[in-house]
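Notes follow the structure.
Each value in this text was obtained by applying a stated rule to the coordinates, not by laboratory testing. For clarity, every value in this text was computed on a predicted model and none was experimentally measured. All Cβ positions, glycine included, derive from the backbone under ideal geometry; neighbour counts span all protein chains shown.
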Amino acid sequence: MSGVRESDNGEVPPLRVIPASDVAEVLAGRHAEVVDVVRRAYQVLGEGLGVNPPSSFLTMPSHPTSRIIALPAALPGIAGIKWVSSWPQNVGRGLPRATAVLILNDMETGFPMACLEGSLISAARTAGMAVLAADALSASGSRPSRVGFIGTGPIGTTIWEYLAGTGWQFEQVHAFDTDKNRAIAFLDRVSGTSSDVTTVLDPSAEPLVTSCDLIVLATVASTPHLTHPGWFSHRPLVLNISLRDLSPEVILASSNFVDDVEHCLRERTSVHLAEQRVGHRGFVNGTLDDVLCGRAKRPPDRACVFSPFGLGVLDLAVGSFVYETLRAGRLLTQVEGFFDGAVAAPGVKALSSAEGRLV
């Protein structure tokens with residue numbers, strides 16, 4: 001996370017565009033490295049060396065179910081912003097619900113130096129965050145043997161790939177999705193990844209919740225639909241990735257950890273609804289960084305819920321990892337003449353189109 005000095009040669013920095021194919025190639029098979037990148041980002045932020053302002057939500061009366069979120073952030077040597085849209089109606093069109101770009105800024109001049117396809121980065125940092133939390137919050141340090149996925153779209157699938165890719169082994173993998181065919185396809189993928197695991201297609205959320213000791217919530221739910229605290233009486237670890245599936249009753253009956261208190265307790269997330277119900281935040285036991293640093297521990301006597309808003313510093317850290325990997329291999333595609341060299345200060349030379357696209 002030391003960043004890249006792009007402007008020491010006195011030239012107007014070029015803009016590099018990194019498409020999904022390049023992002024995917026860098027991230028393929030690097031599950032443990034991404035988890036470590038996420039871990040270090042949390043550590044840097046916890047040490048006060050990063051900046052993660054509140055995210056901004058753009059909502060539009062003409063599209064009441066859609067939104068676009070801006071997540072600015074800075075780490076030592078690098079700054080940037082993720083611009084991510086959520087368009088639920090895209091699913092019916094055969095298009096991804098979420099799309100994103102990530103901009104990285106040169107810290108010497110402030111120039112945007114790279115534009116990366118952001119949805120793959122977002123999925124990777126979410127999965128890395130989920131694996132990190134699962135390791136840190138597993139009861140008594142032992143890994144769960146039965147995992148269940150409620151929501152089996154791209155995020156749920158990526159989380160499974162990161163669990164499998166970092167050595168997690170399960171006796172059973174359960175799945176439930178309102179789209180049964182998608183859940184079947186997910187379990188087929190699980191079977192292809194691990195031939196020794198038993199896969200279970202659950203007809204509803206209840207048997208999945210009551211059967212599993214690790215539960216991954218990766219839905220597009222906007223209001224709580226898991227409302228019975230008794231379903232969680234066996235004290236599972238719940239990765240509340242989609243943030244809005246659990247009712248205040250379930251939250252208040254559980255121990256709760258977040259990635260950042262101010263980020264998570266807003267926008268009618270499950271933990272925000274719980275705060276509105278009781279008028280305080282005392283039910284939040286701490287942050288993931290608190291657990292990683294030993295300042296907080298999971299209570300053993302109840303279910304544990306991890307609710308991560310998904311911080312911009314994580315996108316920035318993973319995006320920087322992708323950028324620097326491609327840069328080291330001289331595989332960055334340059335957009336010629338994107339910035340107006342005519343406005344450069346005297347003595348600052350703009351890059352000419354003859355200088356090529358691969359740098």
**Message:** Need the full-extension length gain, residue 86 to residue 196, defined as separation in residues times 0.36 nm minus the C-alpha distance. One decimal, nm.
**Reply:** 36.0 nm
**Fill in**
Applied in sequence order to the range 21-35, the curve 6.51 cos²θ - 1.76 cosθ + 1.60 (Karplus, θ = phi - 60°) yields integer Hz couplings, x standing for Gly and Pro, of 4, 6, 4, 4, 5, 5, 6, 4, x, 9, 4, 5, 5, 5, 4
**Mean Cα-pair separation over length for the range 176-288, i.e. relative contact order, pairs under 8 Å, 6 or more apart, %** = 19 percent
**Prompt:** Which value in nm describes the separation of the simple spin-label points at residue 297 and residue 47, placed 7 Å from the Cα toward the beta carbon?
**Reply:** 2.6 nm
**Radius of gyration and maximum dimension Dmax of the range 111-241, Cα, Å** = 15.0, 53
**Prompt:** residue 105's amide H: which non-local residues (gap 5+, or another chain) put their own amide H closer than 5 Å, with H modeled 1.01 Å from N in plane and none for Pro or chain starts?
**Reply:** 79, 80, 113
**Complete:** For residue 219, other-chain or 5+-apart residues with amide H closer than 5 Å (H placed, Pro excluded) are 242
**Request:** Express the relative contact order of the chain as a whole percentage, based on alpha carbon pairs under 8 Å and six or more residues apart in sequence.
**Result:** 21 percent
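Explain nothing, just the number: relative contact order of the range 34-87, from Cα pairs under 8 Å at least 6 residues apart, as a whole percent. Mind dumping the intermediate values first?
Numbers: 72 pairs, mean separation 15.5, N = 54.
Normalised by residue count, the contact order of the range 34-87 is 29 percent.
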**Item:** Choice from 245, 196, 36 showing the highest fluctuation, given a GNM over the chain with Cα pairs closer than 10 Å
**Value:** 196
**Item:** Span per principal axis, largest first, for the Cα atoms of the range 131-198 (Å)
**Value:** 36, 22, 17
**GNM top mover of 127, 303, 221 - the chain, alpha-carbon springs below 10 Å** = 221
**Prompt:** Mind checking the log10 I(q)/I(0) for the chain at q = 0.10 Å⁻¹? Debye, one equal scatterer per Cα, no solvent, two decimals.
**Reply:** -0.63
**Complete:** Rg from C-alpha atoms of the range 1-150, normalised by the globular rule of thumb 2.2 N^0.38 Å, equals 1.20
**Request:** Using +1 at the Cβ of each Lys and Arg and -1 at the Cβ of each Asp and Glu in the chain, identify which of 118, 75, 132 lies farthest towards the dipole's positive end.
**Result:** 132
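Rounded to the nearest 5, what is the percent of antiparallel bridges among the DSSP beta bridges in the chain? All intermediate terms of the calculation are to be shown ahead of the outcome.
Working: 32 of 64 bridges.
If we restrict to bridges inside the chain, about 50 percent are antiparallel.
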